[in-house]
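Only one structure is covered here, and it is reproduced in the block below.
The values are calculated or read from the model by the stated rules, or taken from the named source; none is laboratory data. Keep in mind it's a predicted model, so treat the numbers as computed, not measured. In this analysis, Cβ positions are derived from the backbone assuming ideal geometry, glycine residues included, and neighbour counts consider all displayed protein chains.
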Amino acid sequence: MITIIPTLEIIKAVTDTNITGTGANERREAFDCAVDLKSLGDVHILIEGILYDRLEKRLTEDHKIFFQSVCRIDNSAKGIVNYNIQKAINWVADSESKARKVIILTNNTSFYSTPNENIKIITPADFLYGARRILEFTKNKTFISIEEFILATFFFG
Amino acid sequence: MTLKNIRLARAETLSPEIRQQFGLPENGLIIIESRNPDLKENFVSIKKGGIRDYLISLGDFKEVPIDE
């Protein structure tokens, strides 16, 4: 019921060989939290297809198995003329939002659009703050459904 | 042994026998690796270094730019 879409800078931070600093750590931890949330409920991590093609060049075969097993690779916008990663993510998010609630995880909030209330654009810092609360409450079994808690935190908060 | 698939699990929902066998904590994210040709499962606890450290444990990333 919830789909998290990490954008280019998030994926770069996870796979870069030489980026350090607070911002990079925040982006990596945000991705970790997304995977953590996925392990707890009906949460998908969607990687847009054009972005995945770029990412794939950095990966070994084992890395590819990880991303292909844990994430959904969405090739809907691949091959469309004049579509870059940003445009493709906007299109995929809009389409995905007809079926599920969507969180676009990005530092570049102005690059992405929210054509309807099922899409939220959230920075890694804000996502980390909310996701850590969710994970903490889940540990204490405070909420029955992880999905309801995600909705309450990011969509109705 | 070739990695063929990965599943996500929670330590708290695994049996105590599996936790003991693979030295897993009582809580937290666990990656279940399926490998063949022996078709074996391996359970890996994701610790402080997170997914990035797990991926690096599988091999180094290639230094290829992925800018827009």
With (1) within 11 Å of chain B (Cβ to nearest Cβ); (2) part of a helix (DSSP H, G or I); (3) among the hydrophobic types (A, V, I, L, M, F, W, C) as the list, and A:A131 as the residue in question, which single condition is left unmet? (1)
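Going through the range A:1-49 one residue at a time, which ones are acidic (D, E) and within 19 Å of A:V92 (Cα to Cα)? If you could, list the steps in order and put the result at the bottom.
Initial filter on the range A:1-49 (acidic (D, E)): A:9, A:16, A:26, A:29, A:32, A:36, A:42, A:48.
Selection gives A:E9, A:D42, A:E48.
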Which ones in the range A:87-127 are within 14 Å of another protein chain (Cβ to nearest Cβ), surrounded by fewer than 19 Cβ atoms within 10 Å (Cβ to Cβ) and not in a loop (DSSP other than H, G, I, E, B)? A:K87, A:F111
Which listed residue is at negative phi, more than 14 Å from every other protein chain (Cβ to nearest Cβ) and either without any contact (Cβ under 8 Å) to a residue 60 or more places away in the chain or out of contact with any strand residue (DSSP E or B) (no Cβ under 8 Å at 6 or more places or on another chain) (or both), from A:L46, A:L59: A:L46
Which condition from (1) within 14 Å of chain B (Cβ to nearest Cβ); (2) modelled with pLDDT of 95 or more; (3) more than 11 Å from the chain's Cα centre (by Cα) is the one that A:N18 breaks? (2)
Hits in the range A:1-23 - residues which are within 15 Å of B:D53 (Cβ to Cβ) and surrounded by 19 or more Cβ atoms within 10 Å (Cβ to Cβ): A:A13, A:V14, A:T15, A:D16
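Yes or no, residue by residue, for (1) under 15 Å from A:S39 (Cβ atoms); (2) surrounded by 13 or more Cβ atoms within 10 Å (Cβ to Cβ):
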position	(1), (2)
B:S15	no, no
B:R35	no, yes
B:K40	no, no
B:K47	yes, no
So which residues in the range A:62-86 are more than 9 Å from chain B (Cβ to nearest Cβ) and in contact (Cβ under 8 Å) with a residue 24 or more places away in the chain? A:C71, A:R72, A:I73, A:D74, A:N75, A:S76, A:A77, A:K78, A:Y83
What pairs come up if the first residue lies in the range B:51-67 and is more than 7 Å from chain A (Cβ to nearest Cβ), the second is aliphatic (A, V, I, L, M) and crowded, with 19+ Cβ neighbours inside 10 Å, and their beta carbons are under 9 Å apart, counting only those six or more places apart or on different chains? B:D53/B:I46; B:Y54/B:I31; B:Y54/B:I46; B:D67/A:L8
Restricting to the range A:78-128, name every residue that is more than 22 Å from A:K12 (Cα to Cα) and in contact with a helix residue (DSSP H, G or I) (Cβ under 7 Å, 6 or more places away or on another chain). A:K101, A:P115, A:I119
Out of A:L46, A:L51, A:L59, A:L40, I need the residue that is part of a loop (DSSP other than H, G, I, E, B) and under 27 Å from A:E147 (Cα atoms). Which one? A:L40
Facing chain A (nearest Cβ under 9 Å), buried (at least 16 other Cβ atoms within 10 Å of the Cβ) and under 21 Å from A:R58 (Cβ atoms), is that true of B:I30? no
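Scan the range A:146-157 residue by residue and report those that are aromatic (F, W, Y), out of contact with any strand residue (DSSP E or B) (no Cβ under 8 Å at 6 or more places or on another chain) and in a helix (DSSP H, G or I). Step through it out loud before you land on a result.
Going through the range A:146-157, the residues aromatic (F, W, Y) turn out to be A:149, A:154-156.
Now drop any that are not out of contact with any strand residue (DSSP E or B) (no Cβ under 8 Å at 6 or more places or on another chain), which leaves A:149, A:156.
Selection gives A:F149 alone.
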Quick one: is A:S39 surrounded by 17 or more Cβ atoms within 10 Å (Cβ to Cβ) and among the small types (G, A, S)? yes
Filter the range A:134-145 for residues that are assigned to a loop (DSSP other than H, G, I, E, B) and out of contact with any helix residue (DSSP H, G or I) (no Cβ under 6 Å at 6 or more places or on another chain); the one that is nearest to A:G41 (Cα to Cα) is A:S145
